[in-house]
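The values are calculated or read from the model by the stated rules, or taken from the named source; none is laboratory data. Since the model is a prediction, treat every value here as computed from it, not as a measurement. With ideal geometry, Cβ positions are generated from the backbone for all residues, glycine too; neighbour counts draw on all protein chains shown. All accessible areas refer to the heavy atoms of the entire protein, side chains included, with ligands and DNA or RNA removed. Shrake-Rupley method; radii C 1.70, N 1.55, O 1.52, S 1.80 Å.
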Amino acid sequence: MSSMIPLVDLQAQYASIRDDIDGAMRTVIERAGFIMGPEIDGFERRFAQFCSVDHCIAVSSGTAALELTLRALGVGPGDEVITVAHTFIATAEAISATGARPVFVDIDPLTYNIDPHQLRSAIGERTRAILPVHIYGQPADMSAINEVAERFDLPVIEDAAQAHGALLQGKPAGSLGRAACFSFYPGKNLGAFGDAGAITTDDDELAHTLRLIRNHGRRSKYLHEVVGYGQRMDTLQAAILSAKLPHLDGWIQARRRLATRYTALLSEMELILPHVAEGSESAWHLYVVRTPCRDELLDFLRRNDVGAGVHYPIPLHLQPAYSSLGYEKGDLPVTEAVADTCLSLPLYPEMSDAQQERVVEAIRSFTQVTVLKG
Ligand SMILES: *Cc1c(COP(=O)(O)O)cnc(C)c1O
């Protein structure tokens, strides 16, 4: 029997850079500077440069990055923040954590990102920010979003948790709004060995506030300027991320090559393939196809040792956790249609051509079987 092809293969990545990672970790452990050690500053400088921005603030997770940014911008109880329901729940949870209310806008049927044409009608008296997600690694239509936001004097915060290395008109994700929030959850394009996140921004004042509040409002060890939070990134994670960062461009190139190859190999099959908008270069966090037989195909692939996934099967406006917001089935038709039909195929930089061909062959035999049955 052939071996399982996983959705992502973190062991393969570690094996390829083991010495770099082990050395970086050993340095931190031997010095025993586990909290706010010099590796934090080092990673912040490198990641700010990677995103072409002035500041990077390292925090404990992507969720913390979102929550702290909203708080630093003054979002709180009674406010509304506009976002999408086709995302990981953390996007909306961060809004809820401030006491504000998430307002969901439907997505574009081609890119699955927030539909800028529906943004205007979602803006009201209480709107305090717009939080687009670069879903699957493809940048949202930031020029259209920023244009609406400027008219209403609203900050735009990128949820770039899936988009490290994505480009829009040649500019990196992380530099496309007032601030951007990244996750370094292990399976992301740049992953730590646990939870970690960061905020990038060109706004000096916002960066200053974020540095204070992520670390108990501290100006010095026992002088607390504001009431803050304990949301620092661990020094060990910063050391691991700095060891990985020089490889990120190569990993993104490998993802792009595999994505292009999937599109060529799958082009004859009855599937909706990913659409990349003009001027945008996806970081290909996920390669997502769509089919009305999604559940059957998912099941077939798993039985054939192909680890496909679904991102995300239940949109946020229909989650029990958000029933109090009062949304109903039918409110976000495109979001709901995508949630019912989307399937993420295995994609990671170390994936071999032979592994990819096995995934494609499994899909081919499924479509042949369903065509015969139908
Ligand atoms: C992963 C993810 C987050 C949350 O990041 P964590 O580091 O897991 O807290 C937020 N938004 C999106 C779109 C994500 O994919």
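So how do 335-346, 307-318, 130-141 stack up, highest first, on mean other-Cβ count within 10 Å? Mind dumping the intermediate values first?
On the way: 335-346: 20.8, 307-318: 19.2, 130-141: 27.8.
Put in order of decreasing packing, that is 130-141, 335-346, 307-318.
Can you list the residues, at least 5 places off or on another chain, whose amide H is less than 5 Å from the amide H of G197, using H built in the peptide plane?
It is V59, S60, S61, F184, by chain and number.
Tell me, what is the Rg over Rh of segment 62-139, with Rh the Kirkwood radius over Cα pairs?
Details: Rg = 11.9 Å, Rh = 12.5 Å.
With Rh from the inverse mean 1/r over Cα pairs, Rg/Rh is 0.95.
Over the alpha-carbon set of the chain, work out the extent along each principal axis and list the three values in angstrom, largest first.
Cα extents, longest axis first: 72, 54, 37 Å.
How high is the relative contact order of the chain? Use alpha-carbon pairs under 8 Å, at least six apart in sequence, and give a whole percent.
On the way: 756 pairs, mean separation 81.2, N = 374.
Relative contact order here is 22 percent.
Taking the alpha-carbon centroid of each part, what is the distance from segment 1-51 to segment 296-374 in angstrom?
Segment 1-51 and segment 296-374 have Cα centres spaced 30 Å from each other.
With every protein chain left in place, what is the accessible area per residue of segment 224-374 in square angstrom, probe 1.4 Å?
Working: 7020 Å² over 151 residues.
Accessible surface, normalised per residue, equals 47 Å².
Measure off, as a whole percent, the carbon and sulfur share of the 1.4 Å-probe accessible area of the chain, all protein chains present. Kindly include the intermediate steps, with their values, before the conclusion.
Details: 8310 of 16310 Å².
So the carbon and sulfur contribution to the accessible surface is 51 percent.
According to the Kirkwood expression over distinct Cα-Cα pairs, how big is the hydrodynamic radius of segment 247-287, in Å? Spell out each step's value before the answer.
Numbers: mean 1/r = 0.0901 Å⁻¹.
Final number for the Kirkwood radius of segment 247-287 is 11.1 Å.
Report, in debye and to the nearest 20, how large the dipole of the chain comes out about its Cα centre when Lys and Arg carry +1 and Asp and Glu carry -1 on their Cβ. Don't skip to the answer; put the middle values down first.
Numbers: 33 positive and 47 negative charges, 139 e Å.
For this selection, approximately 660 debye.
Please state the relative contact order of segment 4-114 as a whole percent: Cα pairs under 8 Å, 6+ residues apart? Numbers along the way, then the final one.
Values: 86 pairs, mean separation 19.3, N = 111.
Reported relative contact order: 17 percent.
Can you divide the C-alpha Rg of segment 16-169 by 2.2 N^0.38 Å and report the result to two decimal places?
Working: Rg = 17.8 Å, N = 154, 2.2 N^0.38 = 14.9 Å.
The reported ratio for this selection is 1.19.
Report the residues of segment 344-369 in range of a label on Q11: point 7 Å along Cα→C-beta, backbone N strictly under 12 Å from it.
No residues fall inside that zone.
For segment 289-374, report the convex hull volume of the alpha-carbon atoms normalised per residue, in Å³, without decimals. Kindly include the intermediate steps, with their values, before the conclusion.
Working: hull volume 10.2 nm³, N = 86.
About 119 Å³ per residue, rounded to a whole number.
Identify the GluC sites (Glu not before Pro) of segment 28-129 meeting these criteria: DSSP loop state and at most 12 other C-beta atoms within 10 Å of the C-beta.
Numbers: sites: E30, E39, E44, E67, E80, E93, E125; in loops: E125.
Hits after loop and neighbour filter: E125.
Compute and list, largest first, the equivalent-ellipsoid semi-axes of segment 165-319 from the alpha carbon gyration tensor, each √(5λ) rounded to a whole angstrom. Could you put the intermediate results ahead of the total?
On the way: eigenvalues 274, 70, 53 Å².
They are 37, 19, 16 Å, listed largest first.
Take every Cα pair under 8 Å in segment 243-292 that's 6+ residues apart, average their separations, divide by the length, and report that relative contact order as a whole percent. Don't jump to the answer; show the numbers that get you there.
On the way: 28 pairs, mean separation 19.5, N = 50.
So the answer I get is 39 percent.
Any idea how far the Cα center of segment 157-233 sits from the one of segment 104-120, in Å?
25
As a test, work out the antiparallel percent of DSSP beta bridges whose residues both lie in the chain, rounded to the nearest 5.
Values: 26 of 40 bridges.
Just about 65 percent of them are antiparallel.
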